[in-house]
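The values are calculated or read from the model by the stated rules, or taken from the named source; none is laboratory data. Owing to the predicted nature of the structure, the values given are computational and were not obtained by experimental measurement. Virtual Cβ from ideal backbone geometry, glycine too; neighbours counted across all protein chains shown.
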Amino acid sequence: MIPKYRTQFNTEFSQEKYQKTNEIIKQKCGHEAAFRLSESPIFLTQDFWQKLNDTSQSIISQIREMSEGELTKAIPANCNVPNDTKKPHFLAIDFGICKDDKGDIIPQLIELQAFPSLFGFQKLFEEVITEVYPFLNRLKSSIPQNEYIEKLKQVIIGDENPENVILLEIYPERQKTAIDFVLTEQYLGIRTVCLTKIKKQGEKLFYENNGKLIQINRIYNRVIFDELDKIEGLEIEFDFREHVDVEWITHPNWFFKISKYILPKLKHEYVPKSYFLSDFPETETLENFVLKPLFSFAGSGVNLNPTKETINKITDKNNYILQRKVSYAPLFEDINGDFSKAEIRLLFAWDQEKENPELMINLVRMTKASMVNVDFNKKDAIWIGSSMAFVEA
């Protein structure tokens, strides 16, 4: 989007530098990323960045105005976890980078979630790519690394001993985001623990370390609760729905409360119109909308071209939305003259003592396919995968 930076990056780019980026990441954390990294970042104008910021602040304000009762309706009866919090600790807001009818580049809200994302990995990625391409340092406007880690510690660990705080996931070593768990351990000094390893004694939870049981006081939760029922043969001592003496970071109920569930409730020029499937009006044209299950993750279950036949087969219409289609703009030119599309995720952390969350870093996903998912791209494609955005000075 900014020709001088795009030209400079494409001129400086080489496959050797791309390999070097991946190698440095592996050296610094001892792991390779299990997801594809894009060869390139994207460059955004101050005007576009301001649109992202203004829209995000409007969304946050609207969420804060929603009543507890209104948000609680989003939680499935079989997924309600005790000890809810007044606010989530994390918020991720995803925008497609699009063009309007006038040809102006605009953001379009795709979805949002009160669930942690790659807070650890994205900071490392920023440090590494600016090391490989030094000119990017003058475009880096995010929080310095030491301060960034301290802010994460404040939200995730608080006043607790790190030994009594865990990152909780189900089979963490199998997850594509395992590299982020490793970096979180390095940055915060906490341990990653599989849900199957949690021990329960009364209302207290423990994990084992060198044969010793360590009490868990805080859980940095990376488990998607409604996915647990789909895992065959899962044996656990601890049920999320039980009352236990721990503090959740962030509480599992917020995964449902701030999700596609609230999209039909949000109003803004950069928020595409959405309806619960049960409320879809006859005045709208179905072919202009995408069908999405409320609580899917990573694009699972999304139907880009729903038909009346498809919709009529759905019995639980309250668990789906129809969202007006947006067209991602092919704006990001690669070294071969082909163009990628992208969406950007703004990652916020929310100190519970503060009125509003703080933007920590961004994450970009680039694609040349119809969906922003590397699996849909051709194997030899470039300028696809996970990256980040830099903003003009």
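The combined condition, being surrounded by 14 or more Cβ atoms within 10 Å (Cβ to Cβ) and within 26 Å of Phe225 (Cβ to Cβ), is fulfilled by Phe276. Considering the conditions (1) exposed (fewer than 13 other Cβ atoms within 10 Å of the Cβ); (2) outside any strand (DSSP E or B); (3) touching a helix residue (DSSP H, G or I) at 6+ places or on another chain (Cβ under 8 Å), Gly233 is excluded by exactly one of them, (3). Of all the residues in segment 73-93, those that are surrounded by fewer than 14 Cβ atoms within 10 Å (Cβ to Cβ) and closer than 21 Å to Ile219 by Cβ number 5. Only one of the listed residues (Ile2, Ile24) is hydrophobic (A, V, I, L, M, F, W, C) and either surrounded by 20 or more Cβ atoms within 10 Å (Cβ to Cβ) or touching a strand residue (DSSP E or B) at 6+ places or on another chain (Cβ under 8 Å) (or both). That residue is Ile2. Residues in segment 144-162 that are under 17 Å from His89 (Cα atoms), assigned to a helix (DSSP H, G or I) and not hydrophobic (A, V, I, L, M, F, W, C): Tyr148, Glu150, Lys151, Lys153, Gln154.
Under the condition of being in a loop (DSSP other than H, G, I, E, B) and surrounded by 18 or more Cβ atoms within 10 Å (Cβ to Cβ), the residues counted in segment 301-330 number 3.
Against the test of being more than 19 Å from the chain's Cα centre (by Cα) and either under 28 Å from Gln8 (Cα atoms) or of a type in the set (Asp, Glu) (or both), the options Ile106, Ile166, Ile143 yield a single qualifying residue, Ile106. Note on segment 27-55: residues that are small (Gly, Ala, Ser), over 21 Å from Ala393 (Cα atoms) and touching a strand residue (DSSP E or B) at 6+ places or on another chain (Cβ under 9 Å) total 2. Evaluation of Asp54 against the conditions (1) without any contact (Cβ under 8 Å) to a residue 24 or more places away in the chain; (2) loosely packed, with under 13 Cβ neighbours inside 10 Å; (3) closer than 30 Å to Ile258 by Cβ shows that the sole unmet condition is (2).
The listed residues are Asn78, Asn53, and the only one of them that is assigned to a helix (DSSP H, G or I) and at pLDDT below 95 turns out to be Asn78. Of everything listed in (1) surrounded by 15 or more Cβ atoms within 10 Å (Cβ to Cβ); (2) out of contact with any helix residue (DSSP H, G or I) (no Cβ under 7 Å at 6 or more places or on another chain); (3) under 19 Å from Leu347 (Cα atoms), the single unmet condition for Leu228 is (3). Selection within segment 178-225: residues that are part of a strand (DSSP E or B) and of a type in the set (Lys, Arg). The member of this set that is surrounded by the fewest Cβ atoms within 10 Å (Cβ to Cβ) is Lys212.
Of all residues in segment 331-367, those that are in a strand (DSSP E or B), farther than 18 Å from Ser58 by Cβ and of a type in the set (Asp, Glu) total 2.
Scoring Lys267 on the criteria (1) over 26 Å from Lys99 (Cα atoms); (2) among the basic types (Lys, Arg); (3) loosely packed, with under 14 Cβ neighbours inside 10 Å leaves a single failure, condition (1). Let me confirm something: among Phe121, Phe125, which residue is buried (at least 22 other Cβ atoms within 10 Å of the Cβ) and within 17 Å of Ala349 (Cα to Cα)? Answer to the selection: Phe121. Candidates Ile335, Ile344, Ile311: the one that is of a type in the set (Val, Ile, Thr), over 19 Å from the mean Cα position of the chain (by Cα) and closer than 26 Å to Asp104 by Cα is Ile335. Checking the conditions here, which among Phe125, Phe115, Phe43, Phe48 is touching a helix residue (DSSP H, G or I) at 6+ places or on another chain (Cβ under 6 Å) and under 23 Å from Phe332 (Cα atoms)? Going through Phe125, Phe115, Phe43, Phe48 in turn, just one is touching a helix residue (DSSP H, G or I) at 6+ places or on another chain (Cβ under 6 Å) and under 23 Å from Phe332 (Cα atoms): Phe43. Scanning segment 89-135 for residues that are among the small types (Gly, Ala, Ser) and either part of a loop (DSSP other than H, G, I, E, B) or modelled with pLDDT under 95 (or both) yields Gly103, Ala114, Ser117.
Would you mind stating whether Glu287 is in contact with a helix residue (DSSP H, G or I) (Cβ under 8 Å, 6 or more places away or on another chain), more than 30 Å from Asn53 (Cβ to Cβ) and surrounded by fewer than 15 Cβ atoms within 10 Å (Cβ to Cβ)? Here the answer is no, as Glu287 does not meet what is asked. Given the criteria free of Cβ contacts under 8 Å to residues at least 40 places away in the same chain, surrounded by 12 or more Cβ atoms within 10 Å (Cβ to Cβ), in a helix (DSSP H, G or I) and over 23 Å from the mean Cα position of the chain (by Cα), does Tyr18 qualify? Here the answer is yes, as Tyr18 does meet what is asked.
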